[in-house]
1. Please report H189, H166 as a ranked list, fewest other C-beta atoms within 10 angstrom at the top and most at the bottom.
2. HN-Hα J couplings of the stretch 196-205 from phi, Karplus 6.51/-1.76/1.60, θ = phi - 60°, integer Hz, Gly and Pro as x?
3. Scan around I114 for amide H atoms under 5 Å from its own, H built in the peptide plane at 1.01 Å from N, and keep only partners 5 or more places away or cross-chain.
4. What list do you get for I196, I215 if you sort them by fewest beta carbons within 10 Å?
5. Please give, to one decimal in nm, the separation of the simple spin-label points placed at E118 and R149, each 7 Å out from Cα toward the Cβ.
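Rule-based calculations on the coordinates, nothing more; no lab input. What you see is a predicted model, and the numbers here were worked out from it, not measured in a lab. With ideal geometry, Cβ positions are generated from the backbone for all residues, glycine too; neighbour counts draw on all protein chains shown.
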Amino acid sequence: ALRRPGHPVAAAAPGTLGRRGFLGAVAVAMGVVTVTTAGQTLTPLRPLSLFAQRRPDIGSQGVPVNRSAAQAGVVEAAGDPAYRLRVTGAVARPVELTTGDLDRLARREAELPIACVEGWSVSARWRGVPVADLLAAAGVDPGDDVTVRVESLQAGGRYRASELNHLQLRDPDTLLAVALNGERLDLDHGYPCRLIGPNRAGVLQTKWVRELVVIRA
């Protein structure tokens with residue numbers, strides 16, 4: 001570059017980056033981000049995928065797990081042979097079902113996504129018992145104005161229970177699922193049974209369900 005007489009080029013102050021140094025640092029930083037996020041789609045780079053969303057292939061049965069049974073403290077209760085799913089509350093007749101009962105009743109299949117607040121969404125094939133069928137078995141009329149609180153074996157935590165409104169209860173694809181992608185539900189995915197339904201955030205698809213409590217308006 002040409003320099004005008006009497007106007008020497010200013011040198012960078014000690015301990016600071018010159019223009020070239022600054023641009024070089026930006027280029028390096030952009031390269032690091034590109035490589036670490038490229039691991040989401042390029043298999044050889046997956047170990048470098050620091051900022052990637054949770055991968056669908058990490059987790060049993062092809063679906064990610066954001067909270068395991070061990071983390072939720074339900075391993076023993078979920079595997080207890082004395083486990084019973086209960087339908088209680090404002091019902092004509094309380095219902096209790098074993099895991100074997102649930103397996104026999106689980107004839108409905110639906111393709112439904114799990115959408116997590118962490119940013120991932122995975123569609124899967126579920127098989128289970130429509131919640132509407134369980135309410136009918138408990139003597140709840142389809143026209144009754146009720147909601148249902150779905151309670152987990154998990155003893156604590158913000159999402160240990162969720163609620164189904166009247167419209168969700170009547171949707172035939174609102175299930176207590178016992179199977180995922182053609183296999184018996186894995187413990188980390190909610191064994192013995194879990195809630196799955198359309199248009200619900202993943203944190204509201206309650207796992208390790210122990211009780212459906214019917215509440216009249």
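1. The most exposed by this proxy come first: H166, H189.
2. After applying 6.51 cos²θ - 1.76 cosθ + 1.60, I find 9, x, x, 6, 10, 5, x, 5, 9, 8 Hz.
3. Placed amide hydrogens put V122, S123, A124 under 5 Å from I114.
4. Sorted ascending by nearby Cβ count, the order is I215, I196.
5. Taking the two extended label points, one gets 2.9 nm.
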